Amino acid sequence: MASTGKILLSVTGFDPAVWRAELEKAAPDRVVVEEPSGPNDPEIDYAIVWKQRPGVLKGLPNLKAIFSIGAGVDHIFAEGDLPDVPIVRVVADDLTQRMSEYVVWQVLDHHRKGMLYRDQQANRIWHEDRMQPAANEVTVGILGLGHLGRDAAGKLLALGFRVTGWSRTPKAAEGVGTYAGEAGLGPFLADADIVVCLLPLTPATEGILSQTLFSKMKTRGPLGAPILISAGRGRLQVEADILAALESGRLGAASLDVFETEPLPDDSPLWSHPRVTITPHAAAASVPSALIPPMIRQMDAHDRGEALTNLVDRDAGY
Ligand code: NDP
Ligand code: OXD
């Protein structure tokens, strides 16, 4: 089908004007609209979305593909009845680099006792904790060995950490101890001192960061109790269980970037927990200037008859 060049932009929680400006720069020959011109708008051939307005994707007879402006696509699937067209997600060096920065930042903060020393500084205490382990004594286990998990693994390996990863299907990654599926989860957890969650939210992963999972973690290690770093999606975690695990000592500390409800409600006890580090879903921002040009290149290539890449597997949900 020939391109009519009309893109539907439906983004909630992002400023559409910023994305529109970038689209107009990258694709001056395409028209960008934030709503269809009416029911069954025949001119829209692509949609770019983040938590799209419910129903906005329905009844577009010539829609060729839906592009997510994030790596995760659970926000698209939140609407059950989606048109049967390919869904493309973000796989981009810029996003990947940002996520790896976040993971390395948090791993190093826990490894080098950032919480302890910030607390000591606040109380003018000069005391070196001589129990600092070496990086190669610490195992960082990454739940989700996809694009983001693999890149973070490589950067942690370069810093000298032991690194393992858990995925749905078996994976091989140089220098990384790999585990897969239900059977691999227990051994993966039993070995990890720091668990980093970079899973997508799907029916199979929802609520996975729960008491059941924490109970399979090792009880002691070079950092004391294991640490959780969670940056996949908030609904992967059961926050009441995280709090209980911190209280019981099963978890030593947690860095949380994502939450069951975002923004994190004012009355959440996580805000003031002394062993919780909170960032506001800021681990890896989607930056229009980095993401829009490759999206437009994909649309142009698709219009020439080439296959789309970074497609979502609808059955797997990611
Ligand atoms: P990928 O699809 O590349 O990787 C997902 C990984 O999770 C794969 O290794 C996959 O296994 C594994 N996985 C999926 N389901 C299961 C399961 N049931 N059991 C075990 N492993 C499973 O995704 P990305 O790495 O690009 O992104 C991961 C997530 O990070 C996104 O979905 C998004 O939610 C989140 N994100 C958060 C951001 C933030 O700012 N906080 C920013 C960007 C992304 P397999 O390899 O076998 O397919
Ligand atoms: C993403 C995100 O999925 O920003 O890319 O959370």
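In the list Arg124, Arg53, which residue meets the criterion of being loosely packed, with under 15 Cβ neighbours inside 10 Å, of a type in the set (D, E, K, R), at positive phi and in a loop (DSSP other than H, G, I, E, B)?
Values: Arg53 fails: at positive phi.
That would be Arg124, the only listed residue that is loosely packed, with under 15 Cβ neighbours inside 10 Å, of a type in the set (D, E, K, R), at positive phi and in a loop (DSSP other than H, G, I, E, B).
Selection of segment 1-32 for residues being open to solvent by less than 40 Å² (accessible area, probe 1.4 Å) and at pLDDT below 95 yields only Gly5. In segment 177-196, what residues are under 10 Å from Trp166 (Cβ atoms) and of a type in the set (A, V, I, L, M)? If the condition is that a residue be under 10 Å from Trp166 (Cβ atoms) and of a type in the set (A, V, I, L, M), then Ala180, Leu185, Leu189, Ala192, Val195 are the ones that fit.
A residue that is of a type in the set (Val, Ile, Thr) and open to solvent by 70 Å² or more (accessible area, probe 1.4 Å) can be found somewhere in segment 219-228.
Looking only at residues of segment 257-284 that are within 14 Å of ligand 2 (Cβ to nearest atom) and among the β-branched types (Val, Ile, Thr), we find that the one that is most open to solvent (accessible area, probe 1.4 Å) is Thr279. The residue that is nearest to Asp300 (Cα to Cα), among those in segment 65-98 that are more than 8 Å from ligand 2 (Cβ to nearest atom) and of a type in the set (Gly, Ala, Ser), is Ala65. The set of residues in segment 131-150 that are aliphatic (A, V, I, L, M) and either more than 16 Å from ligand 2 (Cβ to nearest atom) or without any contact (Cβ under 8 Å) to a residue 24 or more places away in the chain (or both) comprises Met131, Ala134, Ala135, Val138, Val140, Ile142, Leu145.
Restricting Gly184, Gly232 to those that are open to solvent by less than 20 Å² (accessible area, probe 1.4 Å), under 21 Å from Ala153 (Cβ atoms), in a helix (DSSP H, G or I) and out of contact with any Lys or Arg (no Cβ under 9 Å at 6 or more places or on another chain) reduces the list to Gly184.
The values are calculated or read from the model by the stated rules, or taken from the named source; none is laboratory data. The shown structure was predicted, so the numbers you read here are calculated from the model rather than taken from an experiment. Here Cβ is always computed from backbone atoms with ideal geometry, including for glycine, and neighbour counts include all displayed protein chains. Note: accessible area is taken over every heavy atom of the protein model, side chains too, but ligands, DNA and RNA are not part of it. Shrake-Rupley method; radii C 1.70, N 1.55, O 1.52, S 1.80 Å.
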